[in-house]
């Protein structure tokens, strides 16, 4: 019964577009969070911020923000009467990316900051004494801390890919448009199609496993 | 290393801009229509049967957001959708009064039903009317599951309780705060009475999820459940796809759709009846 459902699923075109959208939304969100999060993580790991309790507490709280709350806030910001109501992105993949961006950026900032804070302070001094420019110093520090940062990216991607609370509110779970693997599971459960829902879950886990494996292999190869 | 970073940035920028394009195109496309509806209409698959035909004929792509009627109406009130298709007459009336909803058209109906433990401990199956049935549930303090989510079904349920004198809600009254199917599944786990729409009940029964429940009371005039379509007033909000919404309304009343509606049978039960039949 379960495997019948799985086979039916795997042979349908819809499931691949759903899985594709899941990947597209999560990867875009984490990519944007990485581009903006790493520089912020570098800034917050500087000596003057490193031990600031307030900043650390904010980042750490951000890492555990409840997805539904983020969904609600993003919804209210982009609803017609909201502050950004004119940017009509509600119920599109764009809104889902925005929500997951907010969800994951604290993880990138936090892990970057933690990793960089562990690097001996005299590394930059040594590099400078060897005549390195600021850009070269930053680049060298990033290279030294790549494994920690990759851990952050892996965590962020895992959180985004498996999340449902935020995207169902801002995306609306629209079939063929904003339905992703997690919200598809909710729809099938609400229809009483538990085995189909479980099969979807298996597909979600498999993709998540493959994605994590790729990132992990990058980490190990770079050690 | 620097080359890698440049490639990384190029790919990122490409992804982000294509997403933006993807997102904006969705709204600018003159060929689209966004409607909010209730889960019962989506889950039975009726709407997709209709939409597929509609898209085939007109090329207009229809997107559906399925929530409880309360939320579905509210999305209309905020101008976030082009039209709504719900079953909550009192909420629909509010939207008409506010001038936001126009051209309300009742399309189909069915009846709410009261399901409960197979042995019917409150003996509602021979009640004379729905108020009496609810009264008996209250008198015997039998478990009753309420959706508690401001949906069309919940509003109907509350209006019946209002007619039951001193129906103080206590331990026997369980609010699930979730959709019809989750509520039915809860009512099946630890059997209790529940008010449901026909579509969702038939859907779950067909997949064998409601083995501990049976229908004990239905087809009372008071449990009449009409589904109506309403267009959101383009004078209230701009950038709506109102023309498409009207074209869909016309299509909903066409013979093609009536035939689809009549043909939707689950477990020997016709789920929706076109109005006037």
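Spin-label point model (7 Å from Cα, Cβ direction): what's the residue B:206 to residue B:273 distance in nm?
For the pair residue B:206/residue B:273, the computed spacing is 1.9 nm.
Arrange A:94, A:139, B:230, A:1 by Cβ neighbour counts within 10 Å, fewest through most, would you?
Values: A:94 27, A:139 16, B:230 24, A:1 6.
Ascending Cβ contact count within 10 Å gives the list A:1, A:139, B:230, A:94.
Taking R0 as 45 Å, what's the FRET efficiency between residue B:224 and residue A:81 from their Cβ-Cβ distance, rounded to 0.05?
Details: r = 35 Å, r/R0 = 0.77.
The computed FRET efficiency comes out at 0.85.
Kindly work out what percent of the DSSP beta bridges joining two residues of the protein assembly as shown are antiparallel, to the nearest 5. Walk me through the numbers on the way to the answer.
Values: 25 of 40 bridges.
So the antiparallel bridges amount to about 60 percent of the total.
Say each of residue B:265 and residue A:51 gets a label point 7 Å from the Cα, pointing the same way as Cα to Cβ; how far apart are those two points in nm?
Going from the residue B:265 label point to the residue A:51 one covers 7.9 nm.
Enter the angle in degrees (range 0 to 90, nearest 10) between the Cα long axis of helix B:152-163 and the first principal axis of the Cα atoms of chain B, meaning the one along which they spread out most.
30 degrees
Just to be sure I understand the curve: with the Debye formula and one point per C-alpha of segment A:128-177, what is log10 I(q)/I(0) at q = 0.30 Å⁻¹?
Treating every Cα as an identical point scatterer, log10 I(q)/I(0) equals -1.04.
At 222 nm, what value in deg cm²/dmol follows for chain A if DSSP H runs of at least 4 each add -39500 (n - 2.57) and the sum is divided by all its residues, to the nearest 500? Write out the running numbers ahead of the final one.
Working: 12 runs with 175 residues, N = 223.
When only DSSP H runs of four or more count, the value is -25500 deg cm²/dmol.
Based on the inverse mean of 1/r over its pairs of different Cα atoms, what is the Kirkwood hydrodynamic radius of segment B:111-223, in Å? Working shown, then result.
Numbers: mean 1/r = 0.0734 Å⁻¹.
Here the Kirkwood hydrodynamic radius works out to 13.6 Å.
Just the Cα atoms of segment B:143-183, one point each, no solvent: what log10 I(q)/I(0) does Debye give at q = 0.16, 0.26, 0.28 Å⁻¹?
The Debye formula, applied to the Cα set alone, gives -0.38, -0.94, -1.04.
Count, for each residue of A:183-191, the Cβ atoms from other chains sitting within 10 Å of its Cβ, then give me the mean as a whole number.
Values: counts 0, 0, 0, 2, 4, 1, 4, 13, 12.
Per-residue shielding by partner chains comes out at 4.
Treating the angle as unsigned and between 0 and 90°, give the value, to the nearest 10°, between the Cα long axis of helix B:130-139 and the longest Cα principal axis of chain B.
Rounded to the nearest ten degrees, it is 70.
Rounded to the nearest 0.05, what FRET efficiency is calculated for residue B:172 and residue B:94 with R0 set to 30 Å and r the Cβ-Cβ distance? Mind showing how you got there, number by number?
Values: r = 31 Å, r/R0 = 1.04.
Computed FRET efficiency for residue B:172 and residue B:94: 0.45.
I need B:162, B:61, A:47 ordered by Cβ neighbour count within 10 Å, fewest first.
Details: B:162 11, B:61 17, A:47 8.
By the 10 Å Cβ count, ascending: A:47, B:162, B:61.
Tell me, what is the FRET efficiency for residue B:255 and residue B:139 to the nearest 0.05, using R0 = 41 angstrom and their Cβ-Cβ distance as r?
0.25
Report P(r) for segment A:17-62: all Cα-Cα distances, bin width 5 Å, range 0 to the bin holding the largest distance, values in whole percent.
P(r) for segment A:17-62, in whole percents per bin: 5, 19, 18, 18, 13, 11, 8, 5, 3, 0.
Would any residue of segment A:6-46 have its amide N under 20 Å from a label point 7 Å out along Cα→Cβ of residue A:134? List them or say none.
Output list for this probe position: A:36-46.
Counting only other chains, what is the mean number of Cβ atoms within 10 angstrom of the Cβ of each residue in peptide B:80-93?
Working: counts 10, 2, 0, 0, 0, 0, 0, 0, 0, 0, 0, 0, 0, 0.
Taking the mean over all residues of the peptide, I get 1.
Mind checking the alpha-carbon convex hull of chain B and giving the volume per residue in Å³? Write out the running numbers ahead of the final one.
Details: hull volume 49.7 nm³, N = 277.
It comes to 179 Å³ per residue, whole-number rounded.
Against the longest alpha carbon principal axis of chain A, how many degrees, from 0 to 90 and to the nearest 10, is the axis of helix A:181-190 turned?
For A:181-190 against chain A, the angle is about 30 degrees.
How much mean residue ellipticity at 222 nm does chain B get from its helices, if each DSSP H run of length 4 or more adds -39500 (n - 2.57) and you divide by all residues, to the nearest 500 deg cm²/dmol? Can you show the working numbers first?
Numbers: 11 runs with 124 residues, N = 277.
Estimated from H runs of four or more residues: -13500 deg cm²/dmol.
Quick one: the Cα spread of segment A:1-96 along its three principal axes, in angstroms, biggest first?
Between the extreme Cα coordinates on each principal axis of segment A:1-96 lie 59, 36, 22 Å.
What Kirkwood Rh does the protein assembly as shown have if only Cα atoms enter the pairwise 1/r average? Answer in Å.
Details: mean 1/r = 0.0395 Å⁻¹.
Radius from the Kirkwood sum: 25.3 Å.
Need one value for B:59-71: mean number of C-beta atoms belonging to other chains within 10 Å of its residues' C-beta atoms.
Details: counts 0, 0, 2, 3, 8, 6, 8, 6, 3, 0, 0, 0, 0.
For this peptide, the per-residue mean of nearby foreign Cβ atoms is 3.
Kindly provide the Kirkwood hydrodynamic radius of segment A:2-217 in Å, to one decimal, from all pairs of distinct alpha carbon atoms.
On the way: mean 1/r = 0.0530 Å⁻¹.
For segment A:2-217, inverting the mean 1/r across all distinct Cα pairs yields 18.9 Å.
Modelled label-to-label distance, residue B:163 and residue A:215, 7 Å Cα→beta-carbon offset: nm?
Between residue B:163 and residue A:215, the label points sit 5.7 nm apart.
So how do A:133, A:212, A:34, A:92 line up by other beta-carbon neighbours within 10 Å, fewest first?
Details: A:133 10, A:212 15, A:34 22, A:92 26.
Least crowded to most crowded, the residues run A:133, A:212, A:34, A:92.
Given contacts defined as C-alpha pairs under 8 Å and at least six residues apart, what's the relative contact order of chain B, whole-number percent? List each step's numbers first, then the result.
Numbers: 464 pairs, mean separation 72.3, N = 277.
Computed value for chain B: 26 percent relative contact order.
Each value in this text was obtained by applying a stated rule to the coordinates, not by laboratory testing. Bear in mind the structure is a predicted one, so any value in this text is a computation, not a measurement. Positions of Cβ are generated from backbone atoms using ideal geometry, with glycine treated the same way; all protein chains shown enter the neighbour counts.
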